[in-house]
Amino acid sequence: MATRVDCLKQVDQLLDQPHQIWLLGAGVSRDSGIPTMQGLTKRVRQMLPGGMREDFERIASDLSETANVEEILSQIGDFAELASRSKTHMARVGTVTRSREDLVRIHASIREEIRKVVQWGYIDSQDGIEGKAGTQAEPLVTVDRHVSFVNALYQRRREGVDSRPPIAFFTTNYDTLLEDALALCRVPYSDGFCGGAMGFWAPDRTEAAYRDPFARQGDWHAKLYKLHGSIDWFRCARDIVVRRRAGTTYPKEDASHLIIYPQTEKYRAVQEEPFATVFSAFRAALESKT
């Protein structure tokens with residue numbers, strides 16, 4: 001049986017490999033003040049206004065007891081699709097009927113509440129300790145743990161980094177903590193956008209390099225792929241996606257333009273940018289033999 005020292009040595013050897021893919025999911029930001037799916041679902045339910053909360057509950061009651069907010073969004077998207085094909089443009093939700101417009105509206109409102117929770121933070125109650133919700137004035141989210149993670153990967157281990165392929169990070173999380181940590185640690189990274197705090201989606205500028213997670217082009221030491229979208233991604237036109245810094249009033253503030261997956265009309269959404277490029281890169285990483 002391997003000892004703790006042996007296990008740590010194996011981990012150490014893996015972290016020194018030149019080709020690295022990291023897949024980060026729900027839970028890695030929990031200690032930074034962002035809840036897991038269970039806590040996120042609970043908080044979003046609390047934040048929705050009365051009528052929308054009732055529809056949220058109706059839809060959740062038809063799913064498994066462990067259904068989370070993403071699964072509820074998927075269900076709402078399915079109802080919206082059914083309504084769009086219906087002669088009346090209505091769909092039955094529990095004991096009531098809702099128009100496609102109503103369903104799209106609640107889908108957008110849930111995504112907007114997700115953005116607030118992820119941006120401001122929420123600590124769920126546990127072991128008799130009361131939960132705490134962050135606000136715009138007093139957010140709970142911290143970046144320290146992500147900075148420590150990035151430093152552990154780059155500060156001591158990436159000798160000769162200019163000759164090594166970039167580390168590829170794939171994440172299903174909506175938060176911006178990983179890219180914030182990369183910037184704070186002065187690690188150049190590519191995320192498919194051109195620009196700074198306000199950027200526009202343009203992977204075609206270095207398309208081959210971005211689609212291939214390990215291709216080195218320019219000074220990128222990391223490549224970031226957000227599989228489920230991000231709280232700062234907005235669609236301001238069908239073919240224009242921007243990364244919008246918090247607090248701006250442009251493009252127009254509209255929750256329906258927030259790109260958090262799963263969207264309504266999911267299949268078509270995955271065929272469009274930015275998901276088409278992001279998932280193409282994910283397939284390339286999984287198929288890589290390096």
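The values are calculated or read from the model by the stated rules, or taken from the named source; none is laboratory data. The structure displayed is predicted, hence computed values, not measured ones. All Cβ positions, glycine included, derive from the backbone under ideal geometry; neighbour counts span all protein chains shown. Note: accessible area is taken over every heavy atom of the protein model, side chains too, but ligands, DNA and RNA are not part of it. Shrake-Rupley method; radii C 1.70, N 1.55, O 1.52, S 1.80 Å.
List the chymotrypsin sites (Phe, Trp or Tyr not before Pro) in segment 36-138 that DSSP assigns to loop (not H, G, I, E or B) and whose Cβ has at most 11 other Cβ atoms within 10 Å. Which are they? Mind showing how you got there, number by number?
Working: sites: Phe56, Phe79, Trp120, Tyr122; in loops: none.
Counting only loop positions with at most 11 other Cβ atoms within 10 Å, none of the chymotrypsin sites (Phe, Trp or Tyr not before Pro) in segment 36-138 qualifies.
Would you kindly find the accessible area of Phe200, with a 1.4 Å probe and non-protein molecules such as ligands, DNA and RNA excluded, rounding to the nearest 10 Å²?
Phe200 has an accessible surface of roughly 90 Å² with all protein chains in place.
Can you send over the solvent-accessible area of Lys9, 1.4 Å probe, protein chains only, in Å² to the nearest 10?
130
Tell me the volume per residue, in Å³, of the convex hull enclosing the alpha carbons of the chain. List each step's numbers first, then the result.
Working: hull volume 50.0 nm³, N = 290.
Taking the convex hull of the Cα positions in the chain, it is 173 Å³ per residue.
What is the diffusion coefficient of segment 1-131 in µm²/s, taking the Kirkwood radius over Cα pairs and the Stokes-Einstein relation at 4 °C with a viscosity of 1.567 mPa s? Display every interim value, and only then the final one.
Numbers: Rh = 17.5 Å.
In µm²/s, the coefficient rounds to 74.
Calculated from DSSP H runs of 4 or more alone, at -39500 (n - 2.57) each and per residue, what is the 222 nm mean residue ellipticity of the chain, nearest 500? Could you put the intermediate results ahead of the total?
Working: 10 runs with 116 residues, N = 290.
The per-residue figure over the chain is -12500 deg cm²/dmol.
For the chain, calculate the relative contact order in percent as a whole number, restricting contacts to Cα pairs under 8 Å that are 6 or more residues apart.
Details: 430 pairs, mean separation 58.3, N = 290.
Value for the chain: 20 percent.
Let me test this: with uniform point scatterers at the alpha carbons of segment 96-192, what is the Debye-based log₁₀ I(q)/I(0) at q = 0.12, 0.14, 0.18, 0.19 1/Å?
The calculated log intensity ratios at q = 0.12, 0.14, 0.18, 0.19 Å⁻¹ are -0.61, -0.75, -0.97, -1.01.
Need one value: the accessible area of Ser288 in square angstrom, 1.4 angstrom probe, rounded to the nearest 10.
Its heavy atoms expose roughly 40 Å² to the probe.
Which order do Glu287, Glu65 take by accessible area at a 1.4 Å probe, largest first? Working shown, then result.
Details: Glu287 125, Glu65 190 Å².
Sorted by accessible area, descending: Glu65, Glu287.
With a sphere of radius 10 Å drawn around the Cβ of Ile114, what net charge do the other residues whose Cβ falls strictly inside it have (Lys, Arg +1; Asp, Glu -1)? Please report the intermediate quantities before stating the final value.
Details: positive: Arg43, Arg111, Arg115, Lys116; negative: Glu70, Glu112, Glu113.
Every neighbour counted, the sum reads +1.
Calculate the length of the line joining the C-alpha centroid of segment 117-139 to that of segment 178-245, in whole Å.
29
Setting aside same-chain residues fewer than 8 positions from Lys289, which lysines have a Cα under 27 Å from its Cα?
Within the straight-line limit of under 27 Å, Lys289 reaches these lysines: Lys9, Lys223, Lys226.
Kindly work out what percent of the DSSP beta bridges joining two residues of the chain are antiparallel, to the nearest 5. Kindly include the intermediate steps, with their values, before the conclusion.
Values: 18 of 29 bridges.
The antiparallel fraction comes to roughly 60 percent.
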